[in-house]
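The structure under discussion is supplied below as structure tokens; questions concerning it will follow.
The values are calculated or read from the model by the stated rules, or taken from the named source; none is laboratory data. Predicted model only: the values in this text are computed from it and were never measured. Cβ coordinates were reconstructed from backbone atoms using ideal geometry, including for glycine residues, and neighbour counts include every protein chain displayed. Remember, those area values only see protein heavy atoms, side chains included, never the ligands or the DNA or RNA. Shrake-Rupley method; radii C 1.70, N 1.55, O 1.52, S 1.80 Å.
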Amino acid sequence: MSDLERRYLRLLRAYPADYRRSRGAEIVGTYLDLAGPGQRWPSPADAADLLRGGLRQRLRAAGAADLLPGVRLAAVLAFLTATSLAAAWSLLELRPPADLTLPAARPFVSLGIGAWIAWLLAAVVYALAPGRWARRAVALAVLLTLGLVPAAPLVGLPRPPLFVLLPQIALGLVALGLPDALPAPLRAAPPVAVGVVALAGTNLHLLSPERFGGTYYIWTAVPVLPVAAVALLAVAVLLAAGLAVRADHRGIWAALILLTPVGLLALQPLAGAMDGARTSVAVWSELAATAVVIGVVGPALLPLALAIRRRPTRSPNLTPR
Amino acid sequence: MDTPLREPTFLILTALATEPMHGYGLIGEVAALSDGRVALRPGTLYGALDRLVDAGLVDVEREEVVDGRLRRYYRLTPAGEATLSSETDRLRRNVEAATARLRERATGATAPRLAGGLA
């Protein structure tokens, strides 16, 4: 057995064992037929192809072949929400507190402006070049959002609170599943949403310059996240119901995937409800405990749903007739 | 299987229309049919073949071992032939409609088209 064959066999472990037994020799044989003379290593594209194929087969064996389309749908909805929120927070950032003794990263409210601009640029990249470049732009925006946490104490400037950053990071992680090709109206949706939020910032009562600015802790800023949570959940549930009527279950998977970011967006009211006092702004310990519960329970729902839906592994019928 | 077929699926069925083929042969034939535009990788090809076998459009004709490598030959079933035929008809109708419209455009026939009856 050559080194190349051994390496392909190692990559083949991405597939379920039953499938490897019935198809493994044929798949590896085809790769070896296609290999160039003297080739010793599988190309990165071959490795990605095998890993993708293995994941697809495992999902198929778990009775969840429609999970990947669900991931893509969830990614589109998450990205639209994340860019709309970034637009709203950018408005807030452009309005630092008038009192010069208050801490601020002037001429902005906080360091958050750097991350929000990265999100807005990601919306532009997504409209112009969906697929790999859009996913890279989302990954960069997620890293910059995450980076605000260590950066703020290092430079001694304020950052947006964690209850703002956490849902943004969760939405970004879901948005990493953005598909390669999308119809133009869907590609245009995030930049259009950003424009709508910008217009709302000058005209809409609660987002007007007099009420929305200075700090993330004002009473007009705090409800932005729960409103986004309700809107995202409503759209996801309606889509899931509409698609399920046509026996298309990807909407259900998308709604399940989005439950974690939705929970984090609704962190304030959920944490407030936990202590029974129903305060509009929960205390830090309540927020932290609720975020941990959402962070554990939310992602666990997907494997749980897969386990419930699991069916006996079925290999294709490859017997000559 | 859902129709309209995706392009790689359509090309796989087209490649099998003339004779049974193994995976390696199919990859080359699909590339030739699409002028090199559709380059299937084995992981993707066998995933598509699994779905076609499950849908009853393709089945395994025979197996052989060449240079120690297993090769399975796939062939189009009668259901696969019917699906390919109806897809080809659908695409032909689309091509004919597009060709006619483009010809009208080229000859300058710009009379407005009425969507409904006259009031």
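Need one value: the accessible area of B:Phe10 in square angstrom, 1.4 angstrom probe, rounded to the nearest 10.
40
To the nearest 20 debye, what charge dipole does region A:67-309 have about its Cα centre, counting +1 at the Cβ of each Lys and Arg and -1 at the Cβ of each Asp and Glu? Walk me through the intermediate numbers first.
Values: 13 positive and 7 negative charges, 109 e Å.
So the dipole magnitude of region A:67-309 works out to roughly 520 debye.
While we're looking at this one, here's another question. Residue farthest toward the positive end of the dipole of chain A, with Cβ of Lys/Arg at +1 and Asp/Glu at -1: which of A:Gly156, A:Ala141, A:Ala181?
After comparing all options, I get A:Ala181.
Before anything else, pin down the relative contact order of region A:3-61: Cα pairs under 8 Å, at least 6 apart, normalised by residue count, whole percent.
Numbers: 41 pairs, mean separation 33.4, N = 59.
57 percent.
Right, next: What Kirkwood hydrodynamic radius do you get for the protein assembly as shown when you take the inverse of the mean 1/r over all pairs of distinct Cα atoms, in Å?
25.5
So what's the Cα pair-distance distribution over region A:3-61, bin width 5 Å, in %?
Here the calculated profile for region A:3-61 is 4, 20, 33, 24, 12, 5, 1, 0.
Next up: Separation between the A:Ala65 and B:Val95 pseudo-spin-labels, each 7 Å from Cα along Cα→Cβ, expressed in nm?
Those two pseudo-labels are separated by 2.9 nm.
Rank these residues by their accessible area, most exposed first, probe 1.4 Å: B:Leu49, A:Leu140.
Ranking B:Leu49, A:Leu140 by accessible area, largest first, yields A:Leu140, B:Leu49.
Given all pairs of different Cα atoms, what value in angstroms does the Kirkwood hydrodynamic radius of chain B take?
The Cα-based Kirkwood calculation yields 16.6 Å.
For A:Ala300 and A:Thr220 in one chain, what is 0.36 nm times their gap in residues minus the Cα-Cα distance, to one decimal in nm? Before the final figure, lay out the partial values.
Working: separation 80, 0.36 × 80 = 28.80 nm, distance 3.29 nm.
Extra length from A:Ala300 to A:Thr220 when fully extended: 25.5 nm.
Same structure again: Between region B:63-79 and region A:177-217, how far is it from one alpha carbon centroid to the other, in angstrom?
55
Around A:Arg72, with a cut-off of 12 angstrom between Cβ atoms, what is the net charge of the other residues, counting Lys and Arg +1 and Asp and Glu -1?
Values: positive: A:Arg135, A:Arg250; negative: A:Asp66, A:Asp180.
Once all neighbours under 12 Å are counted, the net charge is 0.
Please find the FRET efficiency linking A:Ala17 to A:Val283, where r is the Cβ-Cβ separation and R0 is fixed at 45 Å, and quote it to the nearest 0.05.
E between A:Ala17 and A:Val283, to the nearest 0.05, is 0.35.
Under a Cβ-Cβ cut-off of 10 Å, what is the net charge of the residues other than A:Arg250 that fall near it, where Lys and Arg count +1 and Asp and Glu count -1?
Here the count lands on -1.
Along the Cα→Cβ direction, 7 angstrom out, place labels at B:Leu33 and A:Leu162. What is the inter-label distance in nm?
Once both label points are built, they end up 5.6 nm from each other.
Next up: Along Cα→Cβ, 7 Å out, is where each label goes; now give me the distance between the ones at A:Leu146 and A:Arg106 in nm to one decimal.
3.4
Assign unit charges at the C-beta atoms only (+1 for Lys and Arg, -1 for Asp and Glu), then state the dipole size of chain B relative to its Cα centre in Debye, rounded to the nearest 20.
Here chain B has a charge dipole of around 600 debye.
Also: Given 10 °C and 1.306 mPa s, compute D for region A:67-309 with the Stokes-Einstein relation, Rh being the Kirkwood radius over Cα pairs; round to the nearest whole µm²/s.
On the way: Rh = 18.4 Å.
It comes out at roughly 86 µm²/s.
Also: Amide H neighbours of B:Arg62 under 5 Å, counting only residues 5+ apart in sequence or on other chains, H built in-plane at 1.01 Å?
Amide H neighbours of B:Arg62: B:Tyr73.
If you don't mind, another one. Dipole of region A:3-61 (Lys/Arg Cβ +1, Asp/Glu Cβ -1, origin at the Cα centre): which of A:Ser43, A:Tyr31, A:Tyr15 lies farthest to the positive side?
A:Tyr15
Among B:Asp67, B:Asp89, B:Asp59, which one shows the highest mean-square fluctuation when chain B is modelled as a Gaussian network with alpha-carbon springs under 10 Å?
B:Asp67
Mind listing the phi-derived Karplus ³J(HN,Hα) values for region A:48-63, rounded to whole Hz, using 6.51, -1.76 and 1.60 with θ = phi - 60°, and x for any glycine or proline?
Per residue, the Karplus-derived 3J(HN,Hα) values read 5, 5, 5, 5, 5, x, x, 4, 4, 5, 5, 5, 4, 5, 8, x Hz.
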